[in-house]
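The values are calculated or read from the model by the stated rules, or taken from the named source; none is laboratory data. The structure presented is a predicted model; accordingly, all values stated were derived computationally and were not measured. All Cβ positions, glycine included, derive from the backbone under ideal geometry; neighbour counts span all protein chains shown.
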Amino acid sequence: MKKFTCLLIVILSGFLAAHAQSFSVSGNVTDESGIPLLGVNVLVKNQSRGTTTDFDGNYTIGNITSGDILQFSYLGFNTQEIRITDQQTLDVQLSADNEALDEVVVIGYGTQSKKEVTGAVSTVGSGTIEELNPVRVEQALQGRVAGVNITSTSGSPGSASTINIRGISTNGDSRPLILVDGAVIEDLSVINPNDIENISVLKDATAGIYGVRAANGVILITTKGGYKNTDLRIEVDAYTGLQETSRKLPVLNATEYAVILNEAFVAGGQNPPFPNYRNLGEGTDYQDEVFQQALMSDTNLSISGGGEKTAYSFGAGYLDQNGIVGGESSNFERFTGRMNFNYDIIKNLKLSTTAIYTHSNRKTLAENALGSVLFNAINMAPTIPVYDENGDFSLAELLGNEVINPVAQIQNTYNNSQVDKITGTAGLSYDFLEHFKAETRYQFNYSEVRGINFQPQAYYGSGKVFNVDRNVVSESTNFYRDYTFDAFLSYDNTFNDLHNVKALVGTSVFRTTGDFYGFTGYDIPGNSFENASIENASDVVDNYINVSNRIFDQRLLSYFARLQYNYDERYLLSGVIRRDGSSNFGPENKFGWFPSASAGWVISEEDFYGNGDLVSFLKLRSSYGILGNDRIGAFGYVSLLNGEGTYVFDDTLYYGVAAGRLSNPELQWEEQTAFDVGIDARLFGDKLDLTVDYFKRQTDKLLLTPQVSGILGVGAPGAGAPIVNAGSVENKGWEFSLGYRQIVNDDFDFNINWNLTTLENEVLSVANENGFVPGGFFAVGQGDAPARMEAGHPIGYFYGLQTDGIFQNAEEVAAGPSQPNAHPGDLRYVDQNGDGVITPDDRVEIGDPIPDYTMGLNLGFNYKNFDFTAYAFASVGNDIVRAYDRNETRTNKTSYVLNRWTGEGTSNTYPRVNIGANYNSVFSDFYVEDGSYLRLQNVQLGYSLGENITEQLGIRKLRFYLAVNNAFTITDYKGYDPSASSGAPIGGGIDQGFYPVPRVYTAGLNFKF
């Protein structure tokens, strides 16, 4: 019995001891104001287990023993570590990490707290992207970043946007350098916005770390990754949207059309074509036939987590979007897969890898061009039905050679492309000798782009340029490859707690190549797309006869160094030097130096500043440097055998190759000097953020193609004048950004962000024979280009005649300068040179496609479980050319013609209608309109389930939302969309029937567990 009693005591003691050693700890985590923090990581140190706080900041973690250390970590706050003794309730208050609140931004080959940044760098986080749900990445920047202007080239599914950072600085390729996890990306359609963690935009000379590729600005995109010691997390973001056109043009109905046409014929001395016009009714509005409501959907899945040495994140997304013009005939489909994996191999050696795969299919219709679908829908006569009495498509007779039935055009359009692309990165970093780090990174892109275009045999009317007498199929397969290898060594040390020194030296190698293959064949059996392939065609032609015309190979070798000095977080200095060697330039100019420097003074850290009750943070900064632009075609400095030559041997004609563009071994990159000065401030207890910048950028050695004598042989097929450095352009302006945020109480908080950019663009010199570079297209039969690049004017300004009202009577015609075929009711032009005759010499600047001001306004609030956001954008001062009117006798017109001149005093803005010869269709400011607009880009209302429900469901968050994109636009522009542009530096802003950006009604959910 005694032995049993002793044994029982031992067992009970062991049980009680074990029970005492293992217990649960619960508590609440708040900030310094007592507000609960959602999503705080609560981890057991040195163990791969933990939990996160719920909506009210509460947590519970089990299997805790005395001596365990709990880590409490949260973005923007200092991490706390607390050793557990025997307490089972532990409330924690986290203090703000001022450096984290200043944001950690990517600056190129490294990161830096925003407090220490000495350049103009703007960031957009994943939260903003999630609120906007953009189809393309660029849409997340519009209105959010001062100095960045996004213009849509089209509203069709999958269409690109043009990104200009601080103006247009070149007449060539003005795209910024875009890096995704360090890999160069040229087409952002392959990136799923849902995969992005943050975007940094380098706008000034601090982009000089990228040297010859930095003149147009740099955009650095970081994709989402996992976190170590984090439980598995799954997130789902899905929405469905209904799209519709935001506008239809007011065109004439059949009766109005007949009245106008009768009047024009009578004025021309001919019989009216519609004597019984009263019975015509409304007729056909072809816009109603081509526009339709269209569905779109987007589903994204993300999985992340991590252990003690690893962190991982996987993502997948699927987007399907039909077009508001043509429906499934204008479609974009995209699947993306993403992987991020980080592993601590040993204590100081870390591996990081990323991979992105994209598969996309796109169907397109003809857009923004003479004969495009919307151009035809506007100009097609409303008296012609879609189908004739036999059920066939009606012919567009007597409407010019370009206007055809747009419904038939959609039916006969088969233009499909497919992209498969993989982007990958792998990097190693090794910390050694306490203050040193060695890093190496390898990034690559590989893509295959396949396209097929089929034009079935079709007849649209007499003399139409789009008639196809013999069906034809074209197939293309293009391969693109590039890689970047970076290796650099960094040093970071602080002396006496005051002097922080960071140094970076490195090298970078970049190579991009392309191979193009294409064939054209005829006579597809059955005249159907199902049989359309080169294998089924006859008379197959190789589209790339010359090998040098089918490949490109560009290389870049770089060395760079950066030195940063920080004295007591008060005085900040940074200097960068980069040496680039590019294969795009001649042997005498392959290498160049690109230095830049920046400095900052944190005035609020000075002893004399005081306590900063009103302005708690104040920093003055400035930067200056030289940047480059090497965006030209490969081998531009030599003459290639990519011209077409014909040779005769033994009385037989042979086709071969000949010299193409003339060589210029002195060719070199465009060079930009960039200056910026700015201030960053925080006011009213850090509730208000203020940033002000003044910038000035001058780009010299612009790459132009001069006029040369035909004696040199540049008139042969494939031949051309050499590329030379012969121009200069300047951009200067101001940027203002204001952000205000306030937590009113536990239930309500709000934020307001506003930014404004002013811009002055001026061409300083064009050193070719004419002193200008023409560009753009206005109308058939007008050979002179409507846009120019010329010294003393903005780049791409509109050049034409200036009007002075309308001739009201014969006396005014007689008293004015001589004008071809002028009659009362015609436009009256200004005789600029005073020679008494209206000629092309009287043309002047009549418009400018570059906005003077751009503004963004973003509002948001949270009330209990509801959240609301609204994003607005405005562009002021940009002009647009109205070029969608064909100006043929029988083509339809917009209803503005109803306000035409019909007699003395009836109108001084819109001329008479007439079929006779006149000067009214000549390019003038009559066709130039103010393109200023204000657009509510996105408005969204969301509701998140309460904590009591999510806890029962075992999930972290479930949010439902409704949103409207492109809700409304306020503008005086008469066309479809004032935000659209071709994106060309010379010739942009000319509207030949822009595919409008759709209005989208969406419903979606965010699900996290």
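Can you name the number of the only condition in (1) of a type outside the set (Gly, Ala, Ser); (2) modelled with pLDDT under 95; (3) touching a Lys or Arg at 6+ places or on another chain (Cβ under 9 Å) that residue 812 fails?
In the conditions (1) of a type outside the set (Gly, Ala, Ser); (2) modelled with pLDDT under 95; (3) touching a Lys or Arg at 6+ places or on another chain (Cβ under 9 Å), residue 812 misses (2) alone.
Scanning segment 322-356 for residues that are basic (Lys, Arg) and within 26 Å of the chain's Cα centre (by Cα), which turns out farthest from residue 287 (Cα to Cα)?
The initial filter retains those residues of segment 322-356 that are basic (Lys, Arg), namely 334, 338, 347, 350.
Still in the list and also within 26 Å of the chain's Cα centre (by Cα): 334, 338.
Working: 334: 28, 338: 40 Å.
Going through the qualifying residues, I end up with 338.
When you look at residue 443, is it under 29 Å from residue 183 (Cβ atoms), touching a residue at least 40 places away in the same chain (Cβ under 8 Å) and surrounded by fewer than 16 Cβ atoms within 10 Å (Cβ to Cβ), yes or no?
Details: under 29 Å from residue 183 (Cβ atoms): yes; touching a residue at least 40 places away in the same chain (Cβ under 8 Å): yes; surrounded by fewer than 16 Cβ atoms within 10 Å (Cβ to Cβ): no.
Here the answer is no, as residue 443 does not meet what is asked.
Just to be sure before I move on: is residue 113 surrounded by fewer than 22 Cβ atoms within 10 Å (Cβ to Cβ), within 30 Å of residue 617 (Cα to Cα) and in contact with a helix residue (DSSP H, G or I) (Cβ under 6 Å, 6 or more places away or on another chain) in the structure I sent? Break it down stepwise before answering.
Details: surrounded by fewer than 22 Cβ atoms within 10 Å (Cβ to Cβ): yes; within 30 Å of residue 617 (Cα to Cα): yes; in contact with a helix residue (DSSP H, G or I) (Cβ under 6 Å, 6 or more places away or on another chain): yes.
Criteria met by residue 113.
Looking at 839, 891, 909, which one is without any contact (Cβ under 8 Å) to a residue 24 or more places away in the chain, out of contact with any His (no Cβ under 6 Å at 6 or more places or on another chain) and polar (S, T, N, Q)? Steps first, please.
Numbers: 891 fails: without any contact (Cβ under 8 Å) to a residue 24 or more places away in the chain; 909 fails: without any contact (Cβ under 8 Å) to a residue 24 or more places away in the chain.
Criteria check complete, one pass: 839.
Hey, residue 887 hits all of (1) at negative phi; (2) surrounded by fewer than 17 Cβ atoms within 10 Å (Cβ to Cβ) but one; which does it fall short on?
Evaluating residue 887 over (1) at negative phi; (2) surrounded by fewer than 17 Cβ atoms within 10 Å (Cβ to Cβ) leaves (1) as the failure.
Could you run through segment 381-394 and say how many residues are assigned to a loop (DSSP other than H, G, I, E, B) and touching a strand residue (DSSP E or B) at 6+ places or on another chain (Cβ under 9 Å)?
Step one: of segment 381-394, the residues assigned to a loop (DSSP other than H, G, I, E, B) are 381-386, 388-392, 394.
When the remaining residues are screened for being touching a strand residue (DSSP E or B) at 6+ places or on another chain (Cβ under 9 Å), the result is 382, 386, 394.
Within segment 381-394, residues that are assigned to a loop (DSSP other than H, G, I, E, B) and touching a strand residue (DSSP E or B) at 6+ places or on another chain (Cβ under 9 Å) number 3.
Inspect segment 927-940 for any residue being closer than 30 Å to residue 799 by Cα, touching a helix residue (DSSP H, G or I) at 6+ places or on another chain (Cβ under 9 Å) and crowded, with 18+ Cβ neighbours inside 10 Å and give the result as yes or no. Spell out how you get there, then give the answer.
Step one: list which residues in segment 927-940 are closer than 30 Å to residue 799 by Cα, which gives 927-935.
When the remaining residues are screened for being touching a helix residue (DSSP H, G or I) at 6+ places or on another chain (Cβ under 9 Å), the result is none.
No: zero hits.
What are the residues in segment 65-85 that are in contact with a helix residue (DSSP H, G or I) (Cβ under 9 Å, 6 or more places away or on another chain) and touching a residue at least 40 places away in the same chain (Cβ under 8 Å), if any?
First, pick out the residues of segment 65-85 that are in contact with a helix residue (DSSP H, G or I) (Cβ under 9 Å, 6 or more places away or on another chain): 65-66, 75-78.
65, 66, 77, listed by residue number.
Hey, among 194, 149, 216, which residue is part of a helix (DSSP H, G or I) and either touching a Pro at 6+ places or on another chain (Cβ under 8 Å) or at pLDDT 90 or above (or both)? Give the steps one after another, and end with the answer.
Numbers: 149 fails: part of a helix (DSSP H, G or I); 216 fails: part of a helix (DSSP H, G or I).
The match here is 194.
Could you look through segment 470-484, keep only residues that are of a type in the set (S, T, N, Q) and more than 16 Å from residue 418 (Cα to Cα), and pick out the one that is nearest to the chain's Cα centre (by Cα)?
Initial filter on segment 470-484 (of a type in the set (S, T, N, Q)): 471, 474, 476-478, 484.
Checking the rest, the ones that are also more than 16 Å from residue 418 (Cα to Cα) come to 471, 484.
Numbers: 471: 37, 484: 23 Å.
Within segment 470-484, the match that is nearest to the chain's Cα centre (by Cα) is 484.
What number of residues within segment 152-176 are assigned to a strand (DSSP E or B) and farther than 30 Å from residue 696 by Cα? It would help to see each step written out before you state the result.
Within segment 152-176, the subset assigned to a strand (DSSP E or B) is 152, 161-165.
Filter once more, so that each one left must be farther than 30 Å from residue 696 by Cα: none.
Counting residues in segment 152-176 that are assigned to a strand (DSSP E or B) and farther than 30 Å from residue 696 by Cα gives 0.
Only one residue in 693, 651, 686, 676 is under 21 Å from residue 604 (Cβ atoms) and at pLDDT below 95, so which one is that? Show your work before the answer.
Numbers: 693 fails: at pLDDT below 95; 651 fails: under 21 Å from residue 604 (Cβ atoms); 676 fails: at pLDDT below 95.
686 is the lone residue from the list that is under 21 Å from residue 604 (Cβ atoms) and at pLDDT below 95.
In this structure, is residue 488 within 22 Å of residue 190 (Cβ to Cβ), touching a Leu at 6+ places or on another chain (Cβ under 8 Å) and hydrophobic (A, V, I, L, M, F, W, C)? Walk me through how you get there before you give the answer.
Working: within 22 Å of residue 190 (Cβ to Cβ): no; touching a Leu at 6+ places or on another chain (Cβ under 8 Å): yes; hydrophobic (A, V, I, L, M, F, W, C): yes.
Criteria not met by residue 488.
Given the residues 604, 574, 596, 558, which is the only one that is polar (S, T, N, Q) and touching an Asp or Glu at 6+ places or on another chain (Cβ under 8 Å)? Please lay out each step first, then the result.
Working: 604 fails: touching an Asp or Glu at 6+ places or on another chain (Cβ under 8 Å); 574 fails: touching an Asp or Glu at 6+ places or on another chain (Cβ under 8 Å); 596 fails: touching an Asp or Glu at 6+ places or on another chain (Cβ under 8 Å).
On inspection, the qualifying residue turns out to be 558.
Looking only at segment 859-883, count how many residues are surrounded by fewer than 21 Cβ atoms within 10 Å (Cβ to Cβ), of a type outside the set (Gly, Ala, Ser) and either closer than 30 Å to residue 744 by Cα or modelled with pLDDT under 95 (or both).
Residues that pass the stated criteria total 10.
Looking at residue 287, is it surrounded by fewer than 19 Cβ atoms within 10 Å (Cβ to Cβ) and either over 25 Å from the mean Cα position of the chain (by Cα) or modelled with pLDDT under 90 (or both)? Explain how you work it out, then say what you get.
On the way: surrounded by fewer than 19 Cβ atoms within 10 Å (Cβ to Cβ): no; either over 25 Å from the mean Cα position of the chain (by Cα) or modelled with pLDDT under 90 (or both): yes.
It is false that residue 287 is surrounded by fewer than 19 Cβ atoms within 10 Å (Cβ to Cβ) and either over 25 Å from the mean Cα position of the chain (by Cα) or modelled with pLDDT under 90 (or both).
So which residues in segment 260-301 are of a type outside the set (Ser, Thr, Tyr), part of a helix (DSSP H, G or I) and without any contact (Cβ under 8 Å) to a residue 60 or more places away in the chain, if there are any at all?
Step one: list which residues in segment 260-301 are of a type outside the set (Ser, Thr, Tyr), which gives 260-276, 278-283, 285, 287-296, 298, 300-301.
Filter once more, keeping what is part of a helix (DSSP H, G or I): 260-267, 278-279, 287-290.
Listed by number, the residues that qualify are 262, 266, 278, 279, 288.
Scan the strands (runs of 3 or more DSSP E) fully inside segment 510-584 and keep the ones with 1 or more residues being surrounded by 15 or more Cβ atoms within 10 Å (Cβ to Cβ).
Details: elements: 538-542, 551-567, 571-582.
Passing ranges, in order: 551-567, 571-582.
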